[in-house]
Amino acid sequence: MHSNSKLLQYYPSGVCATLVRSLIGLSLAALALASAVAPAPTFAANANADAVFFAAREAFRTGERQRLARAVGALQGHPLHAWAEYWALRLRLDERDDSGVQDYLDRHPGAYLTEKLRGDRLRFLAMQRKWDVFLRELPGLAQPDNEIDCFAAQAKRTPETVRPLWIAGQELPQACETLIDQWVAQGNLTVDEVWVRIRRLLENKRYAGARYAAAYLPKSENFDGNRLDAIAQTPDKYLDKLPTGFADSRGGRELALFAVHRLARTEPQEAAQHFQRIEARFRSEERAYAWGQIAWQAAFRHRPEALRWYDKAAATVLGEEALAWQARAALRAQDWHALQRAITAMPTPMATQADWVYWQARILATQGKRDEARALYAKIGGRPNFYSNLADDELGRPIGVPPTASPLKADELLAAETHPGLQRAIALMRVDMRMEGIREWNWSLRGMSDRQLLAAATLAKNHEIWDRAINTADRTQEQHDYSLRYLAPFRRELEPKAAELSLDSGWVYGLMRQESRFIMNAKSNVGAQGLMQLMPATAQWVAKKISLPNFTQAKVTEMDTNITLGTHYMRMVLQSLDNHPVLASAAYNAGPGRAQRWRADTPLEAAIYIESIPFSETRDYVKKVMSNAVYYNALFQSKPQSLKARLGVIRARGVGGSGVGGLP
């Protein structure tokens, strides 16, 4: 609740962390001796062995090669032995010694750590300028990152390949900066391309990067990057007192454009007034860019002037986010002609995304072109996601659960249970290295068939690693098991509470699936906790409101307490927001006040309300919660559902929403 779901961090769910920490001090030599004496050590959930692993990790962190080597020997047979070996090899690479690396790569073909170590070795070779060996090893890397790509361009002497990264305004590693210097030396970087990068960086508040990029400008451009921070703080004051002759140079005009953009982020109307006063001093492309920035920020704030200001801009100067908000402004205004213009202006990869294909089909339907609309609906339909659900509704295809794949055979389950990567992933999660475990798990799924994925999902379910079970089952293409995709643990505890509060259990589960993936000890980066991701202040407020006996903050992650508080808060939010689940879902993630402010002055189709939610996290969250609810109800009720009917219409601002101000 009020949290970034993408940044969830998890606490250990297996070995007691306190016990493990206390065991780290045990003698590695003694543990190694014990493992040597035992004929066939079993390491599963063995706290002593896990302590050795923690000691290995600490030795890697502090660079103690001998201590790490002892731990590697003591961990023979442990599922995480490969990680300790990897750390030992990393320390060697740091000391310019790659001996043993090839042997490791040969012994662990296709593993996550093999990919990771191969990337480390390629960086080592690049730093040594061993380009022939680098190019020979490069094809073995499955997923090169920007740094490796730039090293490869150095090796191949093709600096021009850095151009897309430069234009996109991405942060660049040192390897790419070297390429840019080579590119500049060849005279291939134009002044306009430098300005494109500076603008992109400024739009994303990366002022240091903009100053660095400005170093590639000729002095005649007269761009004073040292003023960026001051302008960002008080853009209105800068525009009130523009330097005399500011428009005589490109640099002076760009600083003014930056001030306009910064002011538009908080006061688009004021920014428009300021720019109208000085508009004649700018070139046509610069005027279009300024109006595009003002229009984008106005659309983001649901200002009615946004479309008029977009008309003053040009698609060529708008980034994808600004183009998306042009379309959303048209949707809010229910102006189908303006929406058509906005989608037409989008680059092809963007316009062919499911959301804009759906709205393009809706445009065709309003024009009476039913067959063309149906063809677009069919193009995106048949998948378990928000816009696919809406497309199926438009095609008259009720949304249900596809046939479940035939039961898994014993050998299929055994293959998952003995898969080294999946074993390592489970072991990592047990010792509170969850993010590393997720990376191991996801890497291990590469190339798996539907049957193998279902076996891996079942393995995760059996270990109560609910999020990996869901994520893995989500990947199947033809053979499915929606009872794994839409797991519903804790039904015995949750359904009576939902029924008592007259809450749709499918919606509650849809929200929980999105909030925590049913991880009991889930904790967000801002402090939300438990299955229903309750912020401490909200939990305290709800507990007091419902007179929950013996409540303490320590109980928030307990299943029964968390579900009790979460469902009561859902009920309160729902009642305060017109009993509309879309508004309540938005409120649960972003706060009731915001959900209320995002309503329009006239009734608005709920799908349009959702698409025009300003926060990308909340927009994506509400789409997924509502689509989840459709499938949970299809499973719970054993009958087809309609997302369109579930969404309905959001009534105008001022109708409903009573009591929102009193909710946290």
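Odds and ends about this structure:
- Segment 537-664 shape via C-alpha gyration tensor axes, a/c threshold 1.5: oblate
- Mean Cα-pair separation over length for the chain, i.e. relative contact order, pairs under 8 Å, 6 or more apart, %: 13 percent
- Using 0.36 nm per residue and subtracting the Cα-Cα separation, the extra length available between residue 76 and residue 248 on full extension is 54.8 nm.
- Per residue, the solvent-accessible area of segment 431-554 (1.4 Å probe, heavy atoms of protein chains only, all protein chains present) comes to 41 Å².
- Per residue, the accessible area of segment 110-241 comes to 51 Å², computed with a 1.4 Å probe over protein heavy atoms only.
- Using a probe of 1.4 Å on the protein chains alone, the accessible area found for residue 480 is around 30 Å².
- Measuring r between the beta carbons of residue 128 and residue 62 and using R0 = 35 Å, the FRET efficiency lands at 0.90.
- Dipole magnitude of the chain, debye to nearest 20 (Cβ charges: Lys/Arg +1, Asp/Glu -1, about Cα centre): 900 debye
- Amide hydrogen neighbours beyond the local backbone of residue 649, cut-off 5 Å, H modeled: 606
- Rounded if a/c under 1.5, otherwise prolate or oblate - the chain, Cα gyration tensor axes: oblate
- Under 19 Å from the residue 177 label point (7 Å along Cα→beta-carbon), backbone N, segment 94-126: 123-124, 126
- Computed FRET value (nearest 0.05) for residue 163 with residue 305, which takes r as the C-beta separation and R₀ as 45 Å: 0.80
- Label-to-label distance, nm, for residues given as residue 280 and residue 558 (7 Å Cα→Cβ offset): 7.4 nm
- Accessible area per residue (1.4 Å probe, heavy atoms of protein chains only) ranks 104, 238 as 238, 104, with the largest value leading.
- Cβ crowding within 10 Å averaged over residues, with 212-220, 644-652, 65-73 ranked highest first: 65-73, 644-652, 212-220
- Accessible carbon and sulfur surface of the chain relative to its total accessible area, %, 1.4 Å: 49 percent
- Cα gyration tensor shape for segment 495-545, rounded if a/c is under 1.5, else prolate or oblate: oblate
- Estimated inter-spin distance, residue 575 and residue 495, nm [label 7 Å along Cα→Cβ]: 2.5 nm
- For the chain, the share of DSSP beta bridges that are antiparallel, to the nearest 5, is 90%.
- Dipole of the chain, positive end: most advanced residue of 648, 521, 114 [Cβ charges, Cα centre]: 648
- Sites excluded, GluC sites (Glu not before Pro) in DSSP loops with at most 10 other C-beta within 10 Å, longest stretch of the chain: 96-477
The values are calculated or read from the model by the stated rules, or taken from the named source; none is laboratory data. Every value quoted in this text rests on a predicted model; they were computed, and no experiment measured them. Ideal geometry is used to build each Cβ from the backbone, glycine not excepted, and the neighbour counts take in all protein chains shown. All accessible areas refer to the heavy atoms of the entire protein, side chains included, with ligands and DNA or RNA removed. Shrake-Rupley method; radii C 1.70, N 1.55, O 1.52, S 1.80 Å.
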